[in-house]
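Before any comments, here is the structure.
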Amino acid sequence: MQFAIQREVLLKPLQQVINVVERRQTMPVLSNLLVVVDADGLSITGSDSEVEMIARAAVAEGAQAGDTTLPARKLFEIVRALPDGAQLKFELSGDRMTLRAGRSRFTLSTLPADDFPASDALDVEVRVSLPEASLRELIERTAFAMAQQDVRFYLNGLLFDLEAEQLRCVATDGHRLALCEAALDTGVAARRQLILPRKGVLELQRLFEGEDRSVMLEVGRSHLRVRREDVTFTSKLIDGRFPDYTAVIPIGVDKEARMEREVFKAALQRAAILSNEKYRGVKLEFSPNQLRIVAHNPEQEEAVEEIEAQTSIGQLAVGFNVVYLLEAINSLRDETVVMSLRDANSSALVQEGSNDRSRHVVMPMRL
């Protein structure tokens, strides 16, 4: 096995797969990357047995086919440290891989490619496509609300809800909920819900490059695969039932306030400085055409912010975690934020002024 490749051409697929590889592995071979050269070029696979990433690149002519595994971190650090424009030459001899670049030479130990766990053949039950930009937006607008190490394991991930010609992503940690939806290029015959675990969500986010192209989602019984021309991502799914998120979205919220997003965000950020560092609570006091934001802390310090709001709410005061409010507002794109409430004890519905494609629910807190 031998091949030649430009440093920059190799660095990109390495960057795509390196984060999948855990520093501490139960299987030594999972600290390595599976490197395969065949008629289609070079493919590099990283896996932690839960998430797998395969990235592809072209190699120079004259390559000899073969496969092996190379230490992931060492290979990545070497390639990253080599100068721009360097031509890299790899040659496998026995259980050693020699990498030459100019006057530099590195000899790396290998493990047999047969030891690398083969990815399960995915029995595709549902296959849909959508623009990469749409999938990126769905995840960016919702992933922050995922739970972290919650005993309710099904909350430690992101729900993909496929229905008709729409994909809806939903995340909740029990205190707030984020939802966003987008149209599919190809629809589904029957509704399908699946929960992608937290690590899979974060790795998928790293792949997005913002280019105008489609990605293919392939759903199996226990796996989700995302295909793009240069990379294939596969993750096991969380085996659990996501709560009925539609029941969490408040109904009968007849009290509505519209604020300029940037003004509202800046006022919350300033008030947060003097909020209780443990509970992070702020009180929103609504009155006709005005919103008052008040924060206190144990040192008896106080912050008060007053901003204009398009509202006819008479008098209403509700406490919220300021971090949850800010994260919801940060995920919105519209210039106007609409906050809808029913009373001082109900959840708030936060969404954009021009559409309801993205919705956020924030539970109230007692202050």
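A few comments on the model shown:
Rundown of residues vs (1) on the phi < 0 side of the Ramachandran plot; (2) in contact (Cβ under 8 Å) with a residue 60 or more places away in the chain; (3) open to solvent by less than 40 Å² (accessible area, probe 1.4 Å), yes/no style:
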site: Arg261; (1), (2), (3): yes, yes, yes
site: Pro288; (1), (2), (3): yes, no, no
site: Ala303; (1), (2), (3): yes, no, yes
site: Gln310; (1), (2), (3): yes, no, no
site: Ser340; (1), (2), (3): yes, yes, yes
site: Ser346; (1), (2), (3): yes, yes, yes
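- Filter pass, Leu167 being touching a residue at least 24 places away in the same chain (Cβ under 8 Å) and under 18 Å from Ser331 (Cβ atoms): yes
- Restricted to segment 50-63, and to residues there that are assigned to a strand (DSSP E or B) and either of a type in the set (Asp, Glu) or open to solvent by 20 Å² or more (accessible area, probe 1.4 Å) (or both), the residue that is farthest from Val21 (Cα to Cα) is Arg56.
- Boolean, Leu14 is open to solvent by less than 10 Å² (accessible area, probe 1.4 Å), more than 15 Å from Arg80 (Cβ to Cβ) and not in a loop (DSSP other than H, G, I, E, B): no
Every residue, every condition in (1) open to solvent by 10 Å² or more (accessible area, probe 1.4 Å); (2) within 17 Å of Gln351 (Cα to Cα); (3) outside any strand (DSSP E or B), yes or no:
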| site | (1), (2), (3) |
| --- | --- |
| Thr246 | yes, yes, yes |
| Ile249 | yes, yes, yes |
| Ala257 | no, yes, no |
| Ile307 | yes, no, no |
| Leu326 | yes, yes, yes |
| Leu332 | no, yes, yes |
| Val337 | no, yes, no |
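- Residue in segment 224-238 that is touching a Pro at 6+ places or on another chain (Cβ under 6 Å), touching a residue at least 60 places away in the same chain (Cβ under 8 Å), open to solvent by less than 40 Å² (accessible area, probe 1.4 Å) and not in a strand (DSSP E or B) present: yes
- Test result for Arg141, charged (D, E, K, R) and part of a helix (DSSP H, G or I): yes
- Condition check for Ser31: over 28 Å from Ser222 (Cβ atoms), open to solvent by 30 Å² or more (accessible area, probe 1.4 Å), hydroxyl-bearing (Ser, Thr, Tyr) and modelled with pLDDT of 95 or more: no
- Residue ranges of strands (runs of 3 or more DSSP E) in segment 88-136 with at least 1 members surrounded by 13 or more Cβ atoms within 10 Å (Cβ to Cβ) and of a type in the set (Phe, Trp, Tyr): 104-109
- Asn19 passes every criterion in (1) touching a residue at least 40 places away in the same chain (Cβ under 8 Å); (2) part of a strand (DSSP E or B); (3) surrounded by fewer than 23 Cβ atoms within 10 Å (Cβ to Cβ) apart from (2).
- Yes/no for Gly62 being among the small types (Gly, Ala, Ser) and either within 19 Å of Asp114 (Cβ to Cβ) or touching a Lys or Arg at 6+ places or on another chain (Cβ under 8 Å) (or both): no
- Any hit, segment 64-87, residues being closer than 30 Å to Ile195 by Cβ, part of a loop (DSSP other than H, G, I, E, B), modelled with pLDDT of 95 or more and open to solvent by less than 20 Å² (accessible area, probe 1.4 Å): no
- Residues (in a loop (DSSP other than H, G, I, E, B) and open to solvent by 40 Å² or more (accessible area, probe 1.4 Å)) located in segment 266-280: Ile273, Leu274, Glu277, Lys278, Tyr279, Arg280
The values are calculated or read from the model by the stated rules, or taken from the named source; none is laboratory data. Computed from a predicted model, the values in this text were never measured in an experiment. Note: ideal-geometry Cβ built from the backbone for every residue, glycine included; neighbour counts use all protein chains shown. Keep in mind that these areas ignore ligands, DNA and RNA; they rest on the heavy atoms of the full protein, side chains included. Shrake-Rupley method; radii C 1.70, N 1.55, O 1.52, S 1.80 Å.
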